[in-house]
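The values are calculated or read from the model by the stated rules, or taken from the named source; none is laboratory data. Note that the structure is a prediction, hence the values are computed from the model and not measured. With ideal geometry, Cβ positions are generated from the backbone for all residues, glycine too; neighbour counts draw on all protein chains shown.
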Amino acid sequence: MDKAALLHAILAQLETELALQTEAAHASHDEATDEESRAEDKYDMRSQSAAYLAAGQSRLATEIAGAIAAYRNLSPRPFAPDETIAVGAIVKLEASGQETLWFLGPQHGGLEVPFHGTTVTVVTAISPVGQRLVGHRAGESVFLPGRLQPVEHRVRAVG
């Protein structure tokens, strides 16, 4: 799998998300400072609510910008067939006859990136799934959280 192309797809998705959050933060800020949003009485909280929303959206935009920087600084490197899972690895797992692809990224886990006709799920080393994956090799089993109980997955490949 072309890891550089996958990183490009992740960056494109993060940049789109950053643009949306930045636009939303600006809109909320404009609403908070707009003359129409001024409190009509002491119980009117429209302006204050919009300001809280703008602050949260700005904070999220800052986090996304940090993730973009982390992905840009990540050098895609090949993993040897017997190497353990670490940040930068693409991991192919199999459970109950179904294969899934995961990417252990430096930040902003939870992304699902469409890539070459499949979906790659991004996790971080500090996430519950990432913590269980780190240190395993191809051929080993790992138990990942399931709906009712942990599900055994077989590590098919680390790349």
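Below is a table of values for the structure above.
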{"item": "Count of residues meeting criterion [of a type in the set (S, T, N, Q) and at pLDDT below 75] in the range 31-72", "result": "4"}
{"item": "Residue within the range 146-157 that is assigned to a strand (DSSP E or B) and without any contact (Cβ under 8 Å) to a residue 24 or more places away in the chain present", "result": "no"}
{"item": "Selected residue (criterion: farthest from R137 (Cα to Cα)) from residues of the range 77-124 that are of a type in the set (D, E) and touching a residue at least 40 places away in the same chain (Cβ under 8 Å)", "result": "E99"}
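Residue-wise test of (1) surrounded by fewer than 17 Cβ atoms within 10 Å (Cβ to Cβ); (2) assigned by TED's automatic domain parsing to the domain that holds A9; (3) in contact with a helix residue (DSSP H, G or I) (Cβ under 8 Å, 6 or more places away or on another chain); (4) not in a loop (DSSP other than H, G, I, E, B).
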{"site": "I68", "(1), (2), (3), (4)": "no, yes, yes, yes"}
{"site": "E83", "(1), (2), (3), (4)": "yes, no, no, no"}
{"site": "V113", "(1), (2), (3), (4)": "no, no, yes, yes"}
{"site": "G130", "(1), (2), (3), (4)": "no, no, no, yes"}
{"site": "F143", "(1), (2), (3), (4)": "yes, no, yes, yes"}
